[in-house]
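Input: a single structure, listed below in structure tokens.
The values are calculated or read from the model by the stated rules, or taken from the named source; none is laboratory data. Everything numeric here is computed off the predicted structure, so don't read it as measured data. Here Cβ is always computed from backbone atoms with ideal geometry, including for glycine, and neighbour counts include all displayed protein chains. Calculation scope for accessible area: heavy atoms of the full protein, side chains included, ligands and nucleic acids excluded. Shrake-Rupley method; radii C 1.70, N 1.55, O 1.52, S 1.80 Å.
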Amino acid sequence: MDIRFLGGAREVGRSAVLVNDRLLLDFGMLTGNPPQFPVETPSPGAVVVSHGHLDHVGTVPSLLSGDDRPPVHWTPPTYELALTLARDTLKLHGGSYRCPFTENDLKRVTEVSEPHGYRETFAAAGHEVTLYDAGHIPGSAHVLVDDGDTRLLYTGDFHTDDQRLVSGTTARPDADVVLCESTYADVEHEAREDVEQRFARSVERTLWEGGTVVVPAFAIGRTQEMMLVCEAYDIPCYVDGMGKGVTEMLRGYPEFVRDADALRRAASHARFVTGRDGQRKRITDQKAAIITTSGMLSGGPAMTYIPEIRANPTNKVTMTGYQVEGTPGRDLVETGSAKIDGRVMPVSAQVEQYDFSAHADRTGLREFLESYRDTRVLVNHGDRCVAFAAELAADGFEATAPAVGDEFTV
């Protein structure tokens with residue numbers, strides 16, 4: 001089996017892996033200024049997408065801009081999320097270098113989509129492929145590829161511990177080679193229950209003191225997780241941004257969430273923001289948590305909320321996810337100020353950060369890979385891929401960390 005890395009190797013973003021020059025696994029983008037895309041746009045016989053995050057699916061429509069129309073295989077939620085993200089990219093950046101596809105390319109996605117459930121084996125570009133629940137976000141999948149000689153397990157992004165939204169992965173299919181993500185290879189997550197309790201106590205204290213809490217959150221997965229936490233602790237909350245539509249969509253796929261009734265209760269508990277008639281500015285005077293995009297303060301309704309609440313030290317901003325270096329969210333955590341809507345703003349409101357990660361940590365990665373001790377391991381999707389591969393090799397694994405552009409025969 002030949003494996004070529006077009007992106008996502010020794011980096012987080014623009015995941016793209018070409019198998020036997022015929023089967024493409026993921027085709028994402030690395031957000032930034034400028035954004036980065038896979039180093040090559042291939043002409044695959046088929047595409048399989050692991051899950052609906054921008055760094056794995058964001059560039060898929062561009063594969064349909066020419067004469068080729070490869071089928072795209074994914075779970076139903078991943079298909080819906082891919083369309084949501086593509087529409088947003090077109091809305092924000094259509095016609096510019098930041099959007100490598102057109103409205104027509106997006107329409108073609110609906111024509112070539114082939115959705116599958118977990119553990120349903122299907123044919124794709126001469127390979128047998130099976131998707132397994134990866135426990136990352138609803139619809140996320142490990143991808144097992146069998147070309148008749150070699151079985152490749154592409155982990156995609158995964159989590160081994162339960163979240164409120166989805167259960168941790170338990171799938172460990174037999175494989176000859178494992179292509180494993182390593183996002184948090186050097187981090188041990190705090191127990192989720194402890195994180196939730198610290199978050200809830202902090203928010204409750206601020207509301208009791210008369211303040212407002214802005215909760216920047218990624219629209220896909222994190223917004224719904226924070227809604228579930230707020231409902232569980234009876235914290236009044238508003239929800240704004242793309243996460244509103246994603247929440248409604250996910251309620252249509254109860255089999256892909258851990259507890260559909262809990263998600264229904266969380267959606268009923270939250271108040272969804274329309275943004276009409278100055279509603280956002282009025283909400284900032286409420287004693288409530290405001291869950292809103294973007295998770296790194298790079299756009300979205302957070303651009304309204306942060307300026308409104310920033311001057312009052314009773315108010316609070318609680319970051320709920322990893323903040324990439326160079327983003328306003330990272331600047332806010334490290335310096336107490338951030339560039340919001342084009343100008344740097346000092347923030348007197350309290351700023352806190354919580355680890356609600358949907359990725360396996362160091363322990364989770366090692367526990368997962370223990371099932372593949374006699375299997376070749378290729379480490380990707382991380383900032384420390386080389387170091388983690390060396391650590392595995394020192395422990396007896398046959399492990400390496402490919403670079404973008406590398407090709408392996410296994």
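Against the longest alpha carbon principal axis of the chain, how many degrees, from 0 to 90 and to the nearest 10, is the axis of helix 260-269 turned? Orientation of helix 260-269: about 30 degrees from the principal axis.
Here's how it looks for residue 113: its modeled amide H is under 5 Å from those of 72, which are all 5 or more places away or on a different chain.
Okay, which of region 303-339 sit inside 18 Å, backbone N to the point 7 Å along the Cα-Cβ direction of residue 286? Those under the cut-off are 303-310, 315-318.
Amide H to amide H, with H built 1.01 Å from N, residue 351 comes under 5 Å of 317, counting only residues 5 or more places away or on other chains.
Carbon and sulfur together cover what percent of the accessible area of region 46-117 at a 1.4 Å probe radius?
Using a 1.4 Å probe with all protein chains present, region 46-117 comes out at 47 percent carbon and sulfur.
Summed over all non-identical Cα pairs, the Kirkwood treatment of region 69-129 gives a radius of 12.8 Å. For region 33-167, rounded, prolate or oblate, judged on the Cα gyration tensor with a ≥ b ≥ c (square roots of eigenvalues), a/c < 1.5 rounded, else prolate if a/b > b/c? The shape class here is oblate.
Couplings for region 101-111, taken from phi via the Karplus curve 6.51 cos²θ - 1.76 cosθ + 1.60 with θ = phi - 60°, read 8, 10, 4, 5, 4, 5, 4, 5, 4, 5, 7 Hz in order; Gly and Pro are left as x. The stretch between residue 344 and residue 324, if pulled fully straight at 0.36 nm per residue, gains 5.4 nm over its current Cα-Cα span. Residues whose amide H comes within less than 5 Å of that of residue 272, counting only those at least five positions distant or on another chain, are 239 (H built at 1.01 Å from N in the peptide plane). Here the Karplus curve 6.51 cos²θ - 1.76 cosθ + 1.60, taken at θ = phi - 60°, turns the phi angles of region 5-18 into couplings of 9, 9, x, x, 8, 6, 7, 10, x, 6, 4, 6, 10, 9 Hz, with x standing for Gly and Pro.
With unit charges on the beta carbon (Lys/Arg positive, Asp/Glu negative), name the residue among 197, 166, 155 whose Cα is farthest towards the positive pole of the charge dipole of region 129-214. Toward the positive end, the furthest listed residue is 197. With r defined as the distance between the Cβ atoms of residue 370 and residue 260 and R0 fixed at 30 Å, what FRET efficiency is calculated, to the nearest 0.05? The calculated FRET efficiency here is 0.40. In this calculation the C-beta distance from residue 120 to residue 198 is compared with R0 = 41 Å, giving a FRET efficiency of 0.55.
The ellipsoid that matches the Cα gyration tensor of region 38-78 has semi-axes, each √(5λ) in whole angstrom, of 17, 12, 8, with the longest given first.
Normalised per residue, the accessible area of region 124-176 is 29 Å², obtained with a 1.4 Å probe and no contribution from ligands, DNA or RNA. Scalar couplings 3J(HN,Hα) for region 148-155, obtained by applying the Karplus form with A = 6.51, B = -1.76, C = 1.60 to θ = phi - 60°, are x, 10, 10, 10, 9, 9, 9, 5 Hz; x denotes Gly and Pro.
When the chain is treated as a Gaussian network with alpha carbon springs shorter than 10 Å, the biggest mean-square fluctuation among 150, 160, 223 belongs to 150.
Computed in the context of the full set of protein chains, the accessible area of region 153-276 at 1.4 Å probe radius has 43% of its extent on carbon or sulfur. GNM on the chain, alpha-carbon springs under 10 angstrom: the most fluctuating residue among 295, 221, 336 is 336. Computed as a quarter of the hull surface, the mean projected area of the alpha carbon convex hull for region 1-45 stands at 3.0 nm².
Calculated on the alpha-carbon coordinates, the convex hull of region 242-302 measures out at 106 cubic angstrom per residue.
When cysteine pairs in the chain are screened for C-beta atoms closer than 4.7 angstrom, the residues that find no partner are 99, 180, 385.
Sorted by average packing, counted as other Cβ atoms within 10 angstrom per residue and highest first, what order do 394-402, 234-242 take? Each step should come with its number before you reach the end.
Details: 394-402: 16.4, 234-242: 20.9.
The densest-packed peptide leads the list: 234-242, 394-402.
Here the accessible area is traced with a 1.4 Å probe on the protein chains. For region 300-410, carbon and sulfur cover 45 percent of it.
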